[in-house]
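For reference, the structure discussed in these notes is given below.
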Amino acid sequence: MEFSIAPLKALSALRSDCLVVFLQQSAEGCGLVDAEAVDSLVAEAREDGDFTGALGNVHLSNRPRGLAARRLLLVGLGAAPSDARAWRKAADAAFGALKGRAAQHVHLAFGEAQQAFIDATVRAFGDFSYVYTATRKPDSEAACRVESVQLLVPSRQAAAARTRLQRAEALLAGMRLCRDVANLPGNHCTPAHLGKVAQDLGKRHKLKVEVLGRAEIERERMGALLAVAQGSQQPPRFIVLRYDGAPKKQAPHVLVGKGVTFDSGGISLKPGAEMDEMKFDMCGAASVLGAFEAVARLRPAINLVGLIPATENLPSGSAVKPGDVVTSRSGQTIEILNTDAEGRLILCDALNYAQRFKPASVVDIATLTGACVIALGHVNSGLFSPDDALADALLEAGRQAQDPCWRMPLGEEYAEGLRSRFADVANIAGRAAGSVTAACFLQRFTQEYRWAHLDIAGTAWKSGAQKGATGRPVPLLVHYLLAQEAGSSAHA
Ligand code: BES
Ligand code: MN
Ligand code: ZN
């Protein structure tokens, strides 16, 4: 599958399996050069009531009169001035209309520069063409027949468009990796497998990758991670990835991803319904790997560290029990009142480990709480940070990337619920504000640096007929990291 950019010249002479043209609802014609043939076909389709120009409305015709293209696809942009969301909807509709058709070489014609059309198009194509193949054959009707997509833009915008396309493609590769890893079943995607994926990523892009096994994790005194891992036959891993794109003296940014490859709840066993979805409890880890894939392709001038604590959470005779007290890497003791609140346990040791890098910022990404799904649904990821500037940077990255997050509170009053009579801290508070108290727990281990936490429990995967990983929040993370490049003009 290939994307390319070409200057828009003679529309009528263009050889294409399908020429895609976007139109505003009220516009008479498409406003492109050499578009008389297209415009008269648009007028006819409107007159016949087959095309309105409403957002996402499509009209496909074969062998369009006056055009060299085999097919013409009209796509409505709606009445409002088109923003990134509208472009995404229109692009979704365009690829949707091509589903099951034989068109292989597709051309999309764009008028004057549209901020987000390239991102939206590439992202839409990513969703349209993504097929999970690791443990099953794809449905033949799901197979994507499109082999190349050429974006036709006004000549003087071609250079800028190419830069943008490069970023969008790197992002797509990152999202694909994230989805592929996250979708793998728990018996395939073990902690050891996550280590292999990281090592393979390192080989492909010349990154430094270190994978610690149980003995080394013991040497690091990561007692909280080990407590979660002790119920499982699968040994844990602690993965460290490094991308060095800037001078050594420049402080790195650190991403920490929750890598629970299956979360049964442990002795505090979860109910059976939809428990299979807890294979997605390593989506934070997958998003860190995806972000590295994109960053390694784009090579920005930053230093980046990725940390992934990886384990299963299972009940067994050796599993950690409610009431057990363990000592975390930080030295703080933790009373494990609920073994299903395991994400914060493995993260607190990784967050403590992050100190050694004297980081410029640390962002952890975790499918941490069901409560976050209740609070924010599947639209926004939950963002928690005591640092306003860091929070604003992540909010803005989410907006730019069409991968939004919403800021949630922290604070002493919430943290009080974590008091324990038998340890420095308990791993759960009451039922109220569950995503906030989880974040408060993590905050106790992040005093040495600028820190933010993303709860992606509602955004990392979809349930139901569309079950599968979304690739979020790879776009948010990559936009954030690119904006950290020195002298970056925020990469609009
Ligand atoms: N991985 C889950 C969070 C989760 C649950 C994400 C459902 C998406 C859907 C996490 O480890 C967990 O079990 N959290 C508990 C915390 C509780 C015991 C305080 C939860 O949310 O119920
Ligand atoms: Mn859990
Ligand atoms: Zn979990």
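The values are calculated or read from the model by the stated rules, or taken from the named source; none is laboratory data. Bear in mind that the values here come from a model prediction, so they are computed numbers and not experimental data. All Cβ positions, even for glycine, are placed from backbone atoms using ideal geometry, and neighbour counts span all protein chains on display.
Out of the residues in the range 396-448 that are assigned to a strand (DSSP E or B) and of a type outside the set (D, E, K, R), which is farthest from ligand 3 (Cβ to nearest atom)?
Only one residue fits best here, namely TRP406.
Regarding the range 67-79, can at least one residue be identified that is within 29 Å of the chain's Cα centre (by Cα) and among the charged types (D, E, K, R)?
no
Do you know which of the residues in the range 334-343 that are near ligand 1 (Cβ under 8 Å from one of its atoms) and more than 11 Å from PRO309 (Cβ to Cβ) is surrounded by the fewest Cβ atoms within 10 Å (Cβ to Cβ)?
ASN338
If we keep just the residues of the range 395-407 that are in contact with a His (Cβ under 9 Å, 6 or more places away or on another chain) and among the hydrophobic types (A, V, I, L, M, F, W, C), which is modelled with the highest pLDDT?
ALA397
Does any residue in the range 276-287 that is within 11 Å of ligand 3 (Cβ to nearest atom) come within less than 6 Å, Cβ to Cβ, of a residue that is among the basic types (Lys, Arg) six or more places away or on a different chain, and which pairs are these?
Listed pairs, sorted by first residue: GLY284/LYS258.
Can you name the condition, by its number, that GLY471 falls short on among (1) in contact with a Lys or Arg (Cβ under 6 Å, 6 or more places away or on another chain); (2) within 14 Å of ligand 1 (Cβ to nearest atom); (3) in a loop (DSSP other than H, G, I, E, B)?
In the conditions (1) in contact with a Lys or Arg (Cβ under 6 Å, 6 or more places away or on another chain); (2) within 14 Å of ligand 1 (Cβ to nearest atom); (3) in a loop (DSSP other than H, G, I, E, B), GLY471 misses (2) alone.
So is ALA354 in contact with a helix residue (DSSP H, G or I) (Cβ under 9 Å, 6 or more places away or on another chain) and assigned to a helix (DSSP H, G or I) or not?
For ALA354, the condition - in contact with a helix residue (DSSP H, G or I) (Cβ under 9 Å, 6 or more places away or on another chain) and assigned to a helix (DSSP H, G or I) - is not met.
What pairs can you find where one residue is in the range 6-20 and in contact (Cβ under 8 Å) with a residue 24 or more places away in the chain, the other is buried (at least 18 other Cβ atoms within 10 Å of the Cβ) and of a type in the set (Lys, Arg), and their Cβ atoms are less than 6 Å apart, with a gap of 6+ or different chains?
CYS18/ARG71
Could you list all residues from the range 391-450 that are of a type in the set (Val, Ile, Thr) and either closer than 22 Å to ALA375 by Cα or outside the structural domain of ILE365 (by TED's automatic domain parsing) (or both)?
Result: ILE428, VAL436, THR437.
Name the residues in the range 1-57 that are assigned to a strand (DSSP E or B) and over 15 Å from LEU72 (Cα atoms), would you?
Hits for the range 1-57 are GLU2, PHE3, SER4, ILE5, ALA6, PRO7.
Among the numbered criteria (1) part of a strand (DSSP E or B); (2) buried (at least 20 other Cβ atoms within 10 Å of the Cβ), which single criterion is violated by GLN150?
If we test GLN150 against (1) part of a strand (DSSP E or B); (2) buried (at least 20 other Cβ atoms within 10 Å of the Cβ), just (2) comes out false.
If THR135 passes every condition in (1) modelled with pLDDT under 95; (2) assigned to a loop (DSSP other than H, G, I, E, B); (3) not hydrophobic (A, V, I, L, M, F, W, C) but one, which one does it miss?
If we test THR135 against (1) modelled with pLDDT under 95; (2) assigned to a loop (DSSP other than H, G, I, E, B); (3) not hydrophobic (A, V, I, L, M, F, W, C), just (1) comes out false.
Residues that are away from ligand 2 (no atom under 16 Å from the Cβ): find the strands (runs of 3 or more DSSP E) completely inside the range 211-292 holding 3 or more of those.
The qualifying strands (runs of 3 or more DSSP E) are 237-244, 253-257.
So how many residues does the range 232-249 have that are aromatic (Phe, Trp, Tyr) and either surrounded by fewer than 15 Cβ atoms within 10 Å (Cβ to Cβ) or under 17 Å from ASP200 (Cβ atoms) (or both)?
Summing the residues that are aromatic (Phe, Trp, Tyr) and either surrounded by fewer than 15 Cβ atoms within 10 Å (Cβ to Cβ) or under 17 Å from ASP200 (Cβ atoms) (or both) in the range 232-249 gives 1.
Which is within 16 Å of ligand 2 (Cβ to nearest atom) and in the same structural domain as ALA285 (by TED's automatic domain parsing), of THR333, THR369, THR327?
From the options THR333, THR369, THR327, the qualifying one is THR369.
Here is a list: HIS193, HIS205, HIS188. Which entry is farther than 17 Å from ALA285 by Cα and surrounded by fewer than 23 Cβ atoms within 10 Å (Cβ to Cβ)?
The conditions single out HIS205.
Please indicate, with yes or no, whether at least one residue in the range 248-265 is in the same structural domain as LEU194 (by TED's automatic domain parsing) and at positive phi.
Yes, that holds for at least one residue.
Is it the case, given these coordinates, that ALA354 is within 21 Å of GLY257 (Cα to Cα), among the aliphatic types (A, V, I, L, M) and more than 16 Å from ligand 1 (Cβ to nearest atom)?
When the stated conditions are applied, ALA354 passes them.
Is the range 376-389 home to any residue that is surrounded by fewer than 24 Cβ atoms within 10 Å (Cβ to Cβ), at pLDDT 95 or above and farther than 22 Å from VAL474 by Cα?
Yes: the range 376-389 contains one or more residues that are surrounded by fewer than 24 Cβ atoms within 10 Å (Cβ to Cβ), at pLDDT 95 or above and farther than 22 Å from VAL474 by Cα.
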